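The values are calculated or read from the model by the stated rules, or taken from the named source; none is laboratory data. This one's a predicted model, so the numbers in the text were calculated from it and none came from an experiment. No Cβ is skipped: glycine too gets one built from the backbone with ideal geometry, and neighbour counts run over all protein chains shown.
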Amino acid sequence: MSQIRQAALSLHGLGDADREWMLAQLPEARRDELRRLIAELDALGFPRGEGLAPAPTGAPPRAPRVPTAAERLEPLAPKTMYRALAGESSELVAALLRRRQWRWGRGLLRRFDRQRRRAIAERAAVGVPMSPRVERELLALLCGKVGIDAPGDHRRAGEE
């Protein structure tokens, strides 16, 4: 958004007296241009109020933080994770559960039969450390398996 449009949006949100005072501080040409843009905002039905546009700072806006694969997987239900992991090896499930205290971890384990839970617990106790890169790849694959986009997954719709 251009600076003049951002200024118009900010001024539009001010009370009449404050807006007029701000406009009076500007050169006539700039003032007329801003009044025209403010009138357009009124005609379009934009509500007046603060917080419609951030104050210009000169710094480029920050890109929103992209949640990690782990953050995307955390809120899922144990049932969803079970469907994704039921056919995987006990070693893989153990490695995944060993990485962090997942919100769905206990619920996932309860869905396995007793023998499988024991196998997972044994493998979790003697697991091999996982590199951060392997962990990222594993979690990204798991995201795909449960049908959510993994961070950095920029495939276009329809591509597989």
Listed by first then second residue, the pairs whose first member lies in the stretch 8-29 and is under 11 Å from ARG48 (Cα atoms), whose partner is among the small types (Gly, Ala, Ser), with beta carbons under 7 Å and at least 6 positions apart or on separate chains, are LEU9/ALA53; SER10/ALA53; SER10/ALA55; GLY13/GLY49
So, restricting to helices (runs of 4 or more DSSP H) that lie completely within the stretch 1-96, which ones have at least 1 residues that are modelled with pLDDT under 90 and farther than 30 Å from ARG116 by Cα? 3-12, 16-24, 28-43
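Kindly indicate whether ARG133 is at pLDDT 90 or above and buried (at least 16 other Cβ atoms within 10 Å of the Cβ). Before the answer, list the steps.
On the way: at pLDDT 90 or above: yes; buried (at least 16 other Cβ atoms within 10 Å of the Cβ): no.
No, not satisfied.
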If you check every pair at least six apart or on different chains, which have Cβ atoms under 8 Å apart with a residue in the stretch 107-129 that is in the same structural domain as ALA77 (by TED's automatic domain parsing) first and a residue that is outside any helix (DSSP H, G or I) and among the hydrophobic types (A, V, I, L, M, F, W, C) second? GLY107/ALA77; LEU108/TRP102; ARG111/ALA86; PHE112/ALA86; ILE120/PHE112
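So, in the stretch 81-95, of the ones that are touching a helix residue (DSSP H, G or I) at 6+ places or on another chain (Cβ under 7 Å) and buried (at least 17 other Cβ atoms within 10 Å of the Cβ), which residue ends up nearest to GLY144 (Cα to Cα)? Show your work before the answer.
Start the filter on the stretch 81-95 by keeping residues that are touching a helix residue (DSSP H, G or I) at 6+ places or on another chain (Cβ under 7 Å), which leaves 81-82, 84-85, 90-91, 93-94.
Within this subset, residues satisfying the condition of being buried (at least 17 other Cβ atoms within 10 Å of the Cβ) are 81-82, 84-85, 90, 93-94.
Details: MET81: 12, TYR82: 14, ALA84: 10, LEU85: 12, SER90: 20, VAL93: 16, ALA94: 19 Å.
Going through the qualifying residues, I end up with ALA84.
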